[in-house]
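Enquirer: Here's a structure for you.
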2 protein chains.
Amino acid sequence: MDPNASRSSAGRSRGHATIHDVAAAAGVSVATVSRALRGLDRVNETTRERVFAAADELHYVASPSASSLASGRTGVIGVAVPFGDRWFFATVLSSIARRVRAEGYQVMLLDLEQQGQHEKRLPLTSDMLAKRLDGIITVNIAVTGAETALIDRLGIPLVSVGTRVPGRPLVRIDDAAAARLATEHVVALGHTRIGYVGRVPPQSAGLTTPAHRFEAFSEVLTEHGISVRSAWVLGSDWTMDDAFRDATTLLTRAQRPTALVVGSDEMAFGVMNAARRLGVQVPSDLSVVGIDDHPFSDVLDVSTVRQDVVGQGLAAAEILLPALRGRRQDPSLIHTSEIRLIERGSTARPG
Amino acid sequence: MDPNASRSSAGRSRGHATIHDVAAAAGVSVATVSRALRGLDRVNETTRERVFAAADELHYVASPSASSLASGRTGVIGVAVPFGDRWFFATVLSSIARRVRAEGYQVMLLDLEQQGQHEKRLPLTSDMLAKRLDGIITVNIAVTGAETALIDRLGIPLVSVGTRVPGRPLVRIDDAAAARLATEHVVALGHTRIGYVGRVPPQSAGLTTPAHRFEAFSEVLTEHGISVRSAWVLGSDWTMDDAFRDATTLLTRAQRPTALVVGSDEMAFGVMNAARRLGVQVPSDLSVVGIDDHPFSDVLDVSTVRQDVVGQGLAAAEILLPALRGRRQDPSLIHTSEIRLIERGSTARPG
DNA sequence: CTGAAAGCGCTTACAG
DNA sequence: CTGAAAGCGCTTACAG
């Protein structure tokens, strides 16, 4: 029996043609098939055409496992997020996926949310990384020392978004500048009774965004000789629900701010709704400014500081891609995505 | 030179121990390492412990590529969505990922959104499926005949969510029942001037959800002797923005409905905001009821028909999992996820 | 420009 | 319970 024939029929019986089937059909060696199909140099044009024809005919697709094993590359990029179902993370993830598929890469979702716990995410482990991913993008993940060591040992290129991973490129917005823009906006309108929503407790340490934004808020007030009243600084767990609850409590008090700077638009929605329920008019009784320009903010008429979330995903992909091809990364690279104030109807002069 | 020693050092120089290194360290064959580590029967307990110790010591993780090539299984599930960044899809995706990782599966995101185009998604191709995925879950994807043929040929188990893929299990809510609940709610409140938002144009054909919901709405009105006025049936592209625009036009007319049934909560937010801007009071001038129970709907006080999106993701995973282990699927299985009316502040008696 | 052959690192019957 | 060996399907120097 011809070994080629037996291989060929075996391939077909499982519904999958192999490179041997294509080679046989095209009358060339498997090495030539491999080169032709991957568009490498030094393949005769006529030969290449014959190979493509045979491959088409047989519905041939190279086995990713076999390619990976032989080449050491998997063609897969992991995207690690703390919550896969929230707007910011879903948007970054999706934009990365759309960018890298043009280069032939697939995206694996590493959703690190821990069932019950909100503070404690799953760790990045060898199981999810080793020999599986060509690169990783972390989105607001405070990577631990042990994890960094692991990733170093595995030699996987990494780009961080939002919260920085030490020694790796970073894509972000200038959180302090964003909070400054928002705060200066209400100060410029003449407000002096100003509160803040979104100061997270210290256990969320490692995440730099909430801390930077609150600090910048405080600085701006101080620069203008306005005191930060701790009773007007709300925590909230960076969700709409929490902001709604906290704002309801605050706005029921006798002493109320005339403006609230809010760390995210989703929280701003909660604040505005609390105000509406209590009959506090926005913006005449209370100005509210957020950060994000969430897709709902336009329709809900929320003043905010816009950030380009899709753009940050694209930028991260753009930085990772060359590293996947072996080019050395600049570990100190920081790509700062543009922001800008968008004045809408939720802010006005006090009174 | 001892071939094992050379292998071992080669492994270490690349930062990756192989199964040979572990076998050498534990003093057993690679076959035994493979069995021990995967928890197969017929391995002596002492041997197993030695193998685990050696594997730990060497930070050994089996190469997924090599395992896949040898076993034919990849441990990866693809989740295909039309828009990875929208709430419904991100939520389903994330819940699937969290469910299947407990069984050792990873999730690959197949975001089929086409850059500029909203109507036309990317096709499912062999490149993304063949020899790469053990199973697929499609979420509101109208799979074409060619795609079904491809998936059949590749022999990949598939579970569909929302829009059905012929001959495959389906997880969904009863869309007609949901729209019925919503519509009957406003009818029961005494409304007779009722409009609908979310009737999509026929080019989105294949997606069953929008059509089923609108049909059920029409049926309920007819059953109650209420006529469907086409001027009060709005299209909108199932986004908040579009619903806002369309509702603004409608509510500016002299002849206005007193209630609107809206195909999704996101659109309902847009409608309510259009009303607010125009000074149309919700619910006294206009009742609005949506479908979904979006995470924002509670705070925004929107009456709606709740569906369990996380639960649908889990159910799809639960159905796919046994099929991955080779168990035959029931191609006619339909898992219908529960729904229920949630009355909030956006609906009331007319006038 | 092309081919033969080694090698990537596992799993899986098959023996024992 | 364990091992030797074949095989999974590619890629990549190495020759020519």
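Bear in mind that the values in this text are calculations on the coordinates, not laboratory data. Just so we're clear, the structure is a prediction, and the values are computed from it rather than from any experiment. No Cβ is skipped: glycine too gets one built from the backbone with ideal geometry, and neighbour counts run over all protein chains shown.
Enquirer: Could you let me know the centre-to-centre spacing of the stretch B:333-347 and the stretch B:143-175, using Cα atoms, in angstrom?
Expert: That distance is 24 Å.
Enquirer: Fewest Cβ neighbours within 10 Å first, please rank B:Arg101, A:Arg349 accordingly.
Expert: A:Arg349, B:Arg101
Enquirer: Tell me what chain A gives for mean residue ellipticity at 222 nm when only DSSP H runs of n ≥ 4 count, each as -39,500 (n - 2.57), the sum divided by the residue total, rounded to 500 deg cm²/dmol.
Expert: Here the helix-only value at 222 nm equals -13000 deg cm²/dmol.
Enquirer: Counting C-alpha atoms alone, how compact is the stretch B:63-201: give Rg to one decimal and Dmax as a whole number, in angstrom.
Expert: That works out to 18.5, 66 Å for Rg and Dmax.
Enquirer: Could you tell me which residue out of A:Thr192, A:Leu260, A:Pro295 lies farthest along the dipole of the stretch A:175-307 toward its positive end? Charges go on the beta carbon: Lys and Arg +1, Asp and Glu -1, centred on the Cα centre.
Expert: The listed residue farthest towards the positive side: A:Thr192.
Enquirer: Also: Could you put A:Met267, B:Met108 in order, starting from the residue whose Cβ has the fewest other Cβ atoms within 10 Å?
Expert: B:Met108, A:Met267
Enquirer: Taking a point 7 Å out from Cα toward Cβ as the label site, list the nm distances between B:Pro322 and the same residue in every other copy, smallest first.
Expert: 5.3
Enquirer: Sticking with this one: Put a point 7 Å out from Cα along the line to Cβ at B:Gly206; what are the distances to that point in the other copies, in nm, shortest first?
Expert: Once sorted, the set of distances for B:Gly206 reads 4.2 nm.
Enquirer: Residue-wise, which Karplus ³J(HN,Hα) couplings in Hz belong to the stretch A:152-168, taking 6.51 cos²θ - 1.76 cosθ + 1.60, θ = phi - 60°, and x for glycine or proline?
Expert: With coefficients 6.51, -1.76 and 1.60, one gets 4, 4, 6, x, 9, x, 9, 10, 9, 10, x, 7, 6, 9, x, x, 10 Hz.
Enquirer: What Kirkwood hydrodynamic radius, in Å, does chain A give when the mean of 1/r is taken over all pairs of distinct Cα atoms and then inverted?
Expert: Result for chain A, one decimal place: 23.2 Å.
Enquirer: Can you bin the stretch A:175-307 into rounded, prolate or oblate? Criterion: square roots of the alpha carbon gyration tensor eigenvalues sorted a ≥ b ≥ c, rounded for a/c under 1.5, prolate for a/b above b/c, oblate for the rest.
Expert: Rounded, because the longest to shortest axis ratio a/c is under 1.5.
Enquirer: Which cross-chain or sequence-distant (5 or more) residues have an amide H under 5 Å from the amide H of B:Leu341, H modelled 1.01 Å from N in plane?
Expert: Close amide H contacts, sequence-distant or interchain: B:Arg306.
Enquirer: Shifting gears a bit: So, how do all the Cα-to-Cα distances of the stretch A:312-351 break down into 10 Å bins, in percent, from 0 on up?
Expert: 21, 33, 16, 15, 12, 3
Enquirer: How far apart are the A:Gly279 label points across copies, placing each 7 Å from Cα toward Cβ, in nm, shortest first?
Expert: 2.1
Enquirer: Counting alpha carbon pairs within less than 8 Å and at least 6 residues apart, what relative contact order, in whole percent, applies to the stretch A:237-351?
Expert: After rounding, I find 27 percent.
Enquirer: Identify all aspartates and glutamates with a Cα-Cα distance to B:Lys131 below 15 Å; exclude those on the same chain that are fewer than 8 residues away in sequence.
Expert: Qualifying aspartates and glutamates at Cα under 15 Å: B:Asp152.
Enquirer: Compute the longest continuous run of chain B that contains no exposed GluC sites (Glu not before Pro); treat a site as exposed when its DSSP state is not H, G, I, E or B and it has at most 15 other Cβ atoms within 10 Å.
Expert: Segment B:120-337 is the longest.
Enquirer: Over the protein assembly as shown, what portion of Cα pair distances is larger than 48 Å, expressed as a whole percent?
Expert: Counting pairs separated by more than 48 Å, the tail of P(r) holds 24 percent.
Enquirer: Something else now. On a 0 to 90° scale, report how tilted helix A:175-188 is relative to the longest principal axis of chain A, with both axes built from alpha carbons and the result rounded to the nearest 10.
Expert: 30 degrees
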